[in-house]
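Q: The structure that follows is given in the form of structure tokens.
The values are calculated or read from the model by the stated rules, or taken from the named source; none is laboratory data. Values in this document were obtained by computation on a predicted structure and should not be read as measured data. All Cβ positions, even for glycine, are placed from backbone atoms using ideal geometry, and neighbour counts span all protein chains on display. Heads up: the accessible areas ignore ligands, DNA and RNA and are worked out on the full protein's heavy atoms, side chains in. Shrake-Rupley method; radii C 1.70, N 1.55, O 1.52, S 1.80 Å.
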Amino acid sequence: MLTQNPSTTLHIDAADDNTATISTAQAANDVVVTTAGNLGVGVLAPVTKVDLRSADQKGIIGLGTNTQTAAAAGAGAIRYNATTLKLEYSDGANWIPLAQTAPTKVSISGTTASGQTVNNNFNTRIGSWTLSGDTESTFSNMNNDFTAPRAGFYLVSFSITLGPNTGAAGNINNSTFIETAIETSDAPATTIPKFITVNSYPAFQASTIRNYISGNCNGIFYLNQGSKIFFTVKHTTGGTRTVLNDATLNNFSIQEL
């Protein structure tokens, strides 16, 4: 087949449909090589060594797999890895996966100055959080818990300070403690379902002391999608205490890893 009206020295009209003036649609099935050695597929005037930017928007390269080493293929080679389902490039020594767009990651924090009641020797779930960064609506102030939007690892931190009902420093009985905890529900068997820290007040004191009590806890959880995270406090210092009315002392943060 002889190409009619060739535009370069080497011009293949695959559909044999060209006329004296080649239209965009007619050019879409043409292959040319210019005197500069540029190859155009669907492009009559390629400006790079290989130019596939045809007007029909079908300029796709189909990459295959190979068994060559990165050194044998040479730096700058690209291949498709059928095992990892990723594109890889050679730096001359190793096959390196091409960078991909980072997935969405949760990054949320909250504070509270609620004055919430925390009874003696009772696990109390802390709530009334003022949230920031909750772009995926993962935290419920109705249930006072966080819901994991995806399975994966989450770094969680929780701090709390309690005072007596009067708001002033209160009595702390000897041989007592405050327990600060981060808990999860529906967690996989491979993860730790609860992280706890305990601050204790020893019995060698001759009498009771007066102060605020506080605690903090950190943990890395592996969560299933839909698993919950919530925060609890328990103390045995005697009497009823409240969450201190200072948001800088009562906070949490959750970062998806």
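Q: Scan (1) closer than 20 Å to Thr242 by Cα; (2) open to solvent by less than 40 Å² (accessible area, probe 1.4 Å) for the single condition Ser140 breaks and write down its number.
A: Status for Ser140: all satisfied but (1).
Q: How do the strands (runs of 3 or more DSSP E) wholly within segment 62-130 filter down when requiring 2 or more residues that are open to solvent by less than 40 Å² (accessible area, probe 1.4 Å), more than 30 Å from Val233 (Cβ to Cβ) and among the small types (Gly, Ala, Ser): which remain?
A: Numbers: elements: 78-81, 86-90, 95-97, 107-111.
In segment 62-130, no matching strands (runs of 3 or more DSSP E) lie anywhere.
Q: Condition check: out of contact with any Pro (no Cβ under 6 Å at 6 or more places or on another chain), in contact (Cβ under 8 Å) with a residue 40 or more places away in the chain and of a type in the set (Asp, Glu). Does Asp145 satisfy that?
A: Yes, satisfied.
Q: Looking at (1) touching a strand residue (DSSP E or B) at 6+ places or on another chain (Cβ under 8 Å); (2) assigned to a loop (DSSP other than H, G, I, E, B); (3) open to solvent by 80 Å² or more (accessible area, probe 1.4 Å); (4) not acidic (Asp, Glu), which is the only condition Ser54 fails?
A: (3)
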